[in-house]
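Readers should treat all values here as calculations from the given coordinates under stated rules, not as data from a laboratory. Just so it is clear, the model here is predicted, and its values are computed rather than measured. When we count neighbours, we look across all protein chains shown, and the Cβ atoms used for this are built from the backbone with ideal geometry, even at glycine.
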Amino acid sequence: MLLVNEHPVTLPHATKLTIGELAALHKPGADIFIVNGYPVSAETLVKDGDTCTLIRRGEIPTGEELEALLAARHTPGIHSKIKTGCIAILGLGGLGSTVAGAMAKIGIGKMLISDYDRVEPSNLNRQHYFVDQIGMMKTRALKDNLLRMNPSLSLQLIEEQLTESNLALFFRHVDVLIECFDDPAMKAATLRSVLSQMPNVAYVGSSGMAGYGENNSILTRMIRPGIYIVGDETSAAQPGQGLMAPRVGIAAHHQANQALRLLLEADPGRISGQ
Amino acid sequence: MNITLNGTQKVFPSAHTLSQLLADLQLPPETIVVELNTLIIQPDCYSETTLSEGDTVEIIRFVGGG
């Protein structure tokens, strides 16, 4: 027996069947074949116990088909780690809305998205919202956008105004906290809170990404295991040096990749007491 | 006063408290995280936290934008 698009199928006895032939029987017109999480050609033989996903290019895939496509892209072992990961994004501006998009696309297990503000016209030069979303809560506008990218996401919206004293209440159980605030005082407060009140939470903060300075001056610096800061650590947003989509996007994707590296244990996470 | 600041030994002749050290360094106190001998110091304690010879201070500074 094997699983074809989540349905059990019994293989005819003593016949060798290719995935292409299986597709002709169960999903005519399918032209993307995934066996046990890996993309394969139509000539690949299937055997008992295989999990097969058959997809028609150009057709809107179901949740299961999307899941199989993601696993095939990432390889199954990697995808299962991403799928069980839980991250929090604090601040849904140029950094936060971009980080959220990257994490949604790779199929993160659970995402807490936090902001108490509404979409304003001045946000649209760098933040991933649309003109027709002006006036909406950023949490809800982003939720709509993220679910269009990946309908099977699990999202939790947090619309409180965060302070140093309530941060741990909301975020002490996440795997990785990604700080995307605008205000430097809240940035500092977040790092203090993570260091002193969230001993098991990895942290990816941000400092310095305004203007159009050199690409490669945006760095990811490890402060200590599990604690990382992204940015050039000097370019503040100020008159004459605004925040712009390209450089904010570089920093955001540094943050997203750092969060992914932490989820996949490619970089050291928190060490208790540090 | 000899202090190891972010891994480098430095002399701060007039810094007896954390507040004075931050003033010497011209750092806005609300935008930084300060660790004194591996202990996180809350901002409202900067002025009453005294420094001693040989202390290790780590300062992480944040600038605005996100």
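This table checks each residue for (1) facing chain A (nearest Cβ under 9 Å); (2) in contact with a Lys or Arg (Cβ under 7 Å, 6 or more places away or on another chain); (3) not β-branched (Val, Ile, Thr).
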{"site": "B:GLN20", "(1), (2), (3)": "no, no, yes"}
{"site": "B:GLU30", "(1), (2), (3)": "yes, no, yes"}
{"site": "B:GLN42", "(1), (2), (3)": "yes, no, yes"}
{"site": "B:TYR46", "(1), (2), (3)": "no, no, yes"}
{"site": "B:VAL57", "(1), (2), (3)": "no, no, no"}
{"site": "B:VAL63", "(1), (2), (3)": "yes, no, no"}
* To do: Sort out which residues of the range A:220-236 are in contact with a helix residue (DSSP H, G or I) (Cβ under 8 Å, 6 or more places away or on another chain) and away from chain B (no Cβ under 12 Å), and write them in order of number.
  => A:THR220, A:GLY226
* Which pairs have Cβ atoms under 6 Å, sit 6 or more apart or on different chains, and link a residue in the range A:3-31 that is exposed (fewer than 10 other Cβ atoms within 10 Å of the Cβ) to one that is not in a strand (DSSP E or B)? -> A:PRO8/A:MET1; A:THR10/A:MET1
* **Enumeration of residues in the range A:151-172 that are among the basic types (Lys, Arg) and closer than 20 Å to A:ALA252 by Cα** => none
* Asked: Can you name the residue in the range A:173-197 that is of a type outside the set (A, V, I, L, M) and at the interface with another protein chain (Cβ under 7 Å from one of its Cβ atoms) and, of all such residues, is nearest to A:GLN255 (Cα to Cα)?
  -> A:CYS180
* Structure fact -> The correct count of residues that are buried (at least 16 other Cβ atoms within 10 Å of the Cβ) and either more than 12 Å from B:ASN6 (Cβ to Cβ) or of a type outside the set (A, V, I, L, M, F, W, C) (or both) in the range B:22-32 is 3
* Asked: What strands (runs of 3 or more DSSP E) lie completely within the range A:161-274 and have 3 or more residues being in contact (Cβ under 8 Å) with a residue 40 or more places away in the chain?
  -> A:176-179, A:202-206
